[in-house]
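Student: Right, I'll just put the structure down here and ask away after.
The values are calculated or read from the model by the stated rules, or taken from the named source; none is laboratory data. Here the structure is a predicted model, which is why all the values come from computation and not from measurement. When we count neighbours, we look across all protein chains shown, and the Cβ atoms used for this are built from the backbone with ideal geometry, even at glycine. Side chains are part of the model used for accessible areas, which takes the heavy atoms of the whole protein and leaves out ligands, DNA and RNA. Shrake-Rupley method; radii C 1.70, N 1.55, O 1.52, S 1.80 Å.
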Amino acid sequence: MTDQPVHATTVARFRPGSGWVGVMLTGPSGAGKSDLALRLISRGWRLVADDYTRVFASGGQLYGTAPTTIAGRIEARGVGIEDQPTLAQARLGLVVTLTADAVERLPEADFQTLRGIDLPRVRLRGFEASAVEKVTVLSRRL
């Protein structure tokens with residue numbers, strides 16, 4: 001496992017036949033990573049890691065886990081740090097980069113390479129009301 005965690009919040013959704021599949025939420029501080037994660041968790045997703053995710057490759061797949069110092073906790077901006085049930089790790093299937101900029105209506109396929117493995121990547125506005133539904137729709141494609 002690498003010693004350099006990725007600045008990302010990771011959540012996972014259970015997929016029958018696939019197990020827990022993770023989505024890494026990336027973007028600058030204040031972009032809404034934890035906020036979107038909390039909204040996804042309220043819809044049945046599980047937290048893997050908040051703010052930083054350790055990413056490692058195994059068997060041609062990427063996996064994410066929380067650094068031990070922050071495992072089991074999530075920051076709710078304006079509220080504080082809260083304990084949260086987590087998964088020890090999840091296979092990663094998608095990177096969602098949160099932005100305040102306008103996003104393309106019909107974007108071209110994009111990828112982010114981590115540990116030598118490409119993951120599909122999309123850009124979304126994390127504070128949009130439909131962000132939860134968009135991530136859920138995207139996760140169905142994994």
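Student: Report whether or not Gly27 is of a type outside the set (A, V, I, L, M) and more than 19 Å from Leu142 (Cβ to Cβ).
Tutor: Details: of a type outside the set (A, V, I, L, M): yes; more than 19 Å from Leu142 (Cβ to Cβ): yes.
Yes; evaluated as a whole, the condition is true for this residue.
Student: What is the one condition in (1) of a type in the set (Ser, Thr, Tyr); (2) assigned to a loop (DSSP other than H, G, I, E, B); (3) in contact with a Gly (Cβ under 7 Å, 6 or more places away or on another chain) that Ser29 does not satisfy?
Tutor: Going through the list (1) of a type in the set (Ser, Thr, Tyr); (2) assigned to a loop (DSSP other than H, G, I, E, B); (3) in contact with a Gly (Cβ under 7 Å, 6 or more places away or on another chain), Ser29 breaks only (3).
Student: Determine which member of the set Val132, Val137 is at pLDDT 95 or above, closer than 14 Å to Arg13 by Cβ and either open to solvent by 40 Å² or more (accessible area, probe 1.4 Å) or of a type in the set (D, E, K, R) (or both). Break it down stepwise before answering.
Tutor: Numbers: Val132 fails: either open to solvent by 40 Å² or more (accessible area, probe 1.4 Å) or of a type in the set (D, E, K, R) (or both).
Answer to the check: Val137.
Student: From the list Gly60, Gly19, Gly27, Gly78, which residue is within 24 Å of Ala129 (Cα to Cα) and in contact (Cβ under 8 Å) with a residue 40 or more places away in the chain? Show your work before the answer.
Tutor: Details: Gly60 fails: within 24 Å of Ala129 (Cα to Cα); Gly19 fails: within 24 Å of Ala129 (Cα to Cα); Gly78 fails: in contact (Cβ under 8 Å) with a residue 40 or more places away in the chain.
Exactly one residue qualifies, and that residue is Gly27.
Student: Out of the residues in region 55-88 that are farther than 23 Å from Gly116 by Cα, small (Gly, Ala, Ser) and in a loop (DSSP other than H, G, I, E, B), state the one that is least open to solvent (accessible area, probe 1.4 Å).
Tutor: Step one: filter region 55-88 for residues farther than 23 Å from Gly116 by Cα, giving 68-87.
Subset that is small (Gly, Ala, Ser): 71-72, 76, 78, 80.
Pick out the ones that are also in a loop (DSSP other than H, G, I, E, B) and you get 71-72, 78.
Working: Ala71: 53, Gly72: 20, Gly78: 87 Å².
It comes out as Gly72.
Student: Given the conditions (1) of a type in the set (Asp, Glu); (2) crowded, with 18+ Cβ neighbours inside 10 Å; (3) modelled with pLDDT under 95, report the number of the one that Glu104 does not fulfil.
Tutor: Going through the list (1) of a type in the set (Asp, Glu); (2) crowded, with 18+ Cβ neighbours inside 10 Å; (3) modelled with pLDDT under 95, Glu104 breaks only (2).
Student: Just for region 89-101: of the residues that are open to solvent by 50 Å² or more (accessible area, probe 1.4 Å) and modelled with pLDDT of 95 or more, which one is nearest to Thr65 (Cα to Cα)?
Tutor: Residue satisfying both the conditions and the ranking: Gln89.
Student: Restricting attention to region 89-103, does a residue exist that is closer than 24 Å to Phe14 by Cα, touching a residue at least 24 places away in the same chain (Cβ under 8 Å) and not in a strand (DSSP E or B)?
Tutor: Yes.
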